[in-house]
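Asks: I have a structure here, written as structure tokens, and I will follow up with some questions on it.
The values are calculated or read from the model by the stated rules, or taken from the named source; none is laboratory data. Values in this document were obtained by computation on a predicted structure and should not be read as measured data. Cβ placement follows ideal geometry from the backbone for every residue including glycine, while neighbour counts extend to all protein chains displayed. Heavy atoms of the whole protein, side chains included, go into the accessibility calculation; ligands, DNA and RNA do not. Shrake-Rupley method; radii C 1.70, N 1.55, O 1.52, S 1.80 Å.
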Amino acid sequence: MRSLFRLVIHAGLTVALGLPALATAEVPFPDIPRGKGDKCVAPTDVIRQTHMDLLLHKRDQTMHQGIRTKQYSLRECLNCHVQAKEDGSYPDIHSKEHFCNACHSYAAVTIDCFQCHVPRPDDAANK
Amino acid sequence: MSSNNDSNGSRRTFLKGTAALAAGLAIAPGVRLLGVAKAKPDNEAVTSIVRWGMLIDTTKCSECEVCVEACHAENGIKDQGDPATTPQWIRKLMARDSLTGHVVTLPMMCQHCENPPCADVCPTGASFRRADGIVLVDRHICIGCRYCMMACPYKARSFEHINVTDQAPHAPRGKGTVEACTMCVHRVDKDQQPACVDACNERGHGAMVFGDLKDPESEISQELVRYGGTQIRADLGLNTGIRYRGI
Ligand code: SF4
């Protein structure tokens with residue numbers, strides 16, 4: 001019974017994580033804005049599954065120990081992934097044009113990072 | 001305001017101890033193992049080898065507000081139109097001796113205690129003291145209960161009452177959490193001084209000295225050894241990182 005249950009979970013996960021491959025006309029897939037860099041700080045599948053843990057770990061290190069490396073820093077995610085629109089403005093954090101919100105609204109995940117953190121790159125923090 | 005010679009005394013004794021240690025570690029003339037350079041690689045944790053502090057000379061402090069303006073500009077704190085709710089990370093105080101008429105003005109902010117009462121009362125562990133002596137609020141875990149605001153003898157903390165937008169990237173701030181002077185921890189970690197200290201120097205007052213209280217060679221330690229410094233409410237035994245002269 002237990003192993004059957006596991007099998008079902010496994011199948012479910014495979015389907016869920018295999019989403020991009022399955023994205024067809026019938027399955028809406030979030031339109032994720034491109035970042036400015038060539039590649040992310042970790043492989044995309046790792047980031048997709050564990051970015052929340054990586055960010056949480058880094059958050060505690062920075063806050064409590066003053067470790068300010070760039071990898072897994074929320075600021076660096078924003079610096080790369082949030083780019084100005086054609087009119088020069090930056091996407092609103094509540095819109096699907098914002099890198100973070102594009103996926104989170106798709107997955108119905110509410111995050112509260114941006115109640116405190118400014119959702120734009122450092123050099124555009126006040127725009 | 002009172003001074004506590006006991007805690008000053010024990011700190012001096014301690015400084016003397018570290019001075020002796022530093023001398024003992026001299027490996028060649030002019031070469032010391034305990035250098036003054038504090039540059040910490042980004043990937044290393046802060047340690048208690050340093051303790052950051054400030055010495056504020058009230059005789060050089062004039063009636064200006066540049067430190068307050070610089071702090072609030074640096075940390076993105078804006079006037080909310082209501083003084084009762086606008087956060088205040090640093091403020092200017094004026095004290096007048098009714099007998100002599102002598103007036104003292106000084107900046108007041110988080111005193112970065114060694115034994116911070118805010119951290120004692122915090123039910124979540126959000127209020128804490130970093131290894132290098134900087135007292136902070138981890139807003140990720142702050143529940144906004146404001147016990148710390150009541151426990152702080154210096155009224156140094158503010159509660160964020162409204163939704164905040166356009167924060168400074170290095171100073172995330174949001175509704176429902178408590179905040180206070182961070183000694184510009186984001187600058188200190190880059191080997192810079194707090195914004196208030198820089199602003200006071202730029203204005204030519206030079207009333208604030210920032211530095212490592214544990215380094216006997218630092219300007220702040222040298223000044224403290226030579227002229228002493230007073231803790232505000234030293235009777236509480238908090239061993240503050242901010243010391244004053246001329247009060
Ligand atoms: S308001 Fe936040 S930091 Fe202050 S005591 Fe409550 S949980 Fe701790």
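Asks: Being away from the ligand (no atom under 16 Å from the Cβ) and over 13 Å from B:L55 (Cα atoms) is true for just one of B:L224, B:L213, B:L236. Which residue is that?
Replies: B:L236
Asks: Ok, one more. Would segment A:35-52 turn up any residue that is closer than 30 Å to B:A126 by Cα, assigned to a helix (DSSP H, G or I), modelled with pLDDT of 95 or more and within 14 Å of another protein chain (Cβ to nearest Cβ)?
Replies: yes
Asks: Do we have B:R91 as touching a strand residue (DSSP E or B) at 6+ places or on another chain (Cβ under 8 Å) and near the ligand (Cβ under 9 Å from one of its atoms) here?
Replies: no
Asks: Please count how many residues of segment B:183-213 are crowded, with 19+ Cβ neighbours inside 10 Å, in a helix (DSSP H, G or I) and charged (D, E, K, R).
Replies: Total meeting the criteria: 1.
Asks: Does segment B:43-94 hold any residues that are within 13 Å of chain A (Cβ to nearest Cβ), assigned to a loop (DSSP other than H, G, I, E, B) and among the small types (G, A, S), and which are they?
Replies: Across segment B:43-94, the qualifying residues are B:A45, B:S48, B:G76.
Asks: Further question on the same structure: Could you list, in sequence order, the residues of segment A:53-90 that are assigned to a helix (DSSP H, G or I), farther than 16 Å from A:K36 by Cβ and either away from every other protein chain (no Cβ under 11 Å) or of a type in the set (S, T, Y) (or both)?
Replies: A:D53, A:L54, A:H57, A:K58, A:T62 - these are the residues of segment A:53-90 that are assigned to a helix (DSSP H, G or I), farther than 16 Å from A:K36 by Cβ and either away from every other protein chain (no Cβ under 11 Å) or of a type in the set (S, T, Y) (or both).
Asks: Ok, one more. Considering only residues that are without any contact (Cβ under 8 Å) to a residue 40 or more places away in the chain and not small (G, A, S), look in segment A:102-112 and name the one that is nearest to the other protein chains (Cβ to nearest Cβ).
Replies: Filtering segment A:102-112 for residues that are without any contact (Cβ under 8 Å) to a residue 40 or more places away in the chain and not small (G, A, S), the one nearest to the other protein chains (Cβ to nearest Cβ) comes out as A:D112.
Asks: Mind checking which residues of segment A:67-111 are among the β-branched types (V, I, T) and buried (at least 20 other Cβ atoms within 10 Å of the Cβ)?
Replies: A:V82, A:I93
Asks: Going by what's in this entry, would B:T59 be described as β-branched (V, I, T), open to solvent by 50 Å² or more (accessible area, probe 1.4 Å) and under 17 Å from B:V197 (Cα atoms)?
Replies: yes
Asks: Then there's this: Just to be sure, is B:G101 out of contact with any Lys or Arg (no Cβ under 9 Å at 6 or more places or on another chain) and surrounded by fewer than 22 Cβ atoms within 10 Å (Cβ to Cβ)?
Replies: yes
Asks: Restricting the first residue to segment B:143-164 and requiring it to be among the polar types (S, T, N, Q), which pairs with a second residue that is within 14 Å of the ligand (Cβ to nearest atom) meet a Cβ separation below 6 Å and a spacing of at least six or different chains?
Replies: Correct list of pairs: B:S158/B:P87; B:S158/B:E179; B:N163/B:K175.
Asks: Ok, one more. Mind checking whether some residue in segment B:94-112 is within 19 Å of the chain's Cα centre (by Cα), basic (K, R) and within 21 Å of B:R243 (Cα to Cα)?
Replies: no
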